[in-house]
Amino acid sequence: MKIVLVNPQIPQNTGNIARLSAATGCQLHLIKPLGFELTDKYLKRAGLDYWKYVNWSVHENWEEYISSAAGSEGSLWFFSTKAERSYLSIDYAAEDSLVFGCETAGLAESFHENYSEQRLGIKIDEPGVRSLNLANSVAVAVYEARRQLQIN
């Protein structure tokens, strides 16, 4: 399973997601531009000493990710508050890429246009809450995929 963060902005979120990647064996792919330096102390602190267990890559842009071997295997699933389809409604595969946009703006409009059938949402009951925290959303999606794949 691959976790793909497009233009992540908050180093603490990315650090927490790196820790999740280490714990679950998911590959972590960061798509530039990043809103922080990879040497950021908050990024390192959130990931603690687990960075050595993270299989991660940084890509210059989305096209580079797609043309890489990592982006060419499995399905692409795009998580968005604009999606009408639930993340619970699909069957995940071990090679899938779970794609998340930046914390402040989500996925760029081009993703919505090019991948409209592959957008998934996580239900939020309170209309006044716009979205979940990025690290929480990634954890929800990863653990649902693991549940389906019967990875204990």
Would you pick out the residues in region 126-152 that are in contact with a strand residue (DSSP E or B) (Cβ under 6 Å, 6 or more places away or on another chain) and basic (Lys, Arg)?
-> none
Single condition Cys102 does not satisfy, out of (1) free of Cβ contacts under 8 Å to residues at least 60 places away in the same chain; (2) in contact with a strand residue (DSSP E or B) (Cβ under 7 Å, 6 or more places away or on another chain); (3) not polar (S, T, N, Q) = (1)
So how many residues does region 39-67 have that are part of a loop (DSSP other than H, G, I, E, B), at pLDDT below 90 and out of contact with any helix residue (DSSP H, G or I) (no Cβ under 9 Å at 6 or more places or on another chain)?
-> 1
Region 94-115, residues that are within 12 Å of Trp62 (Cα to Cα) and small (Gly, Ala, Ser) | Gly101, Ala108, Ser110
Name the pairs: first residue in region 23-35 and within 20 Å of Ala108 (Cα to Cα), second residue surrounded by fewer than 21 Cβ atoms within 10 Å (Cβ to Cβ) and of a type in the set (D, E, K, R), Cβ to Cβ under 7 Å, at least 6 apart or on different chains?
-> Lys32/Glu60
Those residues that are of a type outside the set (Phe, Trp, Tyr), within 18 Å of Lys2 (Cβ to Cβ) and surrounded by 12 or more Cβ atoms within 10 Å (Cβ to Cβ), I need them from region 82-113; list them, please.
-> Ile90, Ala93, Ala94, Glu95, Asp96, Ser97, Leu98, Val99, Gly101, Cys102, Leu107
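Quick grid of which residues meet (1) in a loop (DSSP other than H, G, I, E, B); (2) basic (Lys, Arg); (3) touching a residue at least 24 places away in the same chain (Cβ under 8 Å):
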site	(1), (2), (3)
Thr81	yes, no, yes
Leu88	no, no, yes
Asp91	yes, no, yes
Ala94	yes, no, yes
Leu98	no, no, yes
Glu117	no, no, no
Glu126	yes, no, no
Arg147	no, yes, no
Residue in region 1-49 that is nearest to Tyr92 (Cα to Cα), counting only those that are over 13 Å from the mean Cα position of the chain (by Cα) and among the hydroxyl-bearing types (Ser, Thr, Tyr) | Thr24
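The values are calculated or read from the model by the stated rules, or taken from the named source; none is laboratory data. Nothing here was measured: the structure is a model prediction, and the numbers come from that model. So basically every Cβ, Gly included, is an ideal-geometry build from the backbone, and we count neighbours across all protein chains shown.
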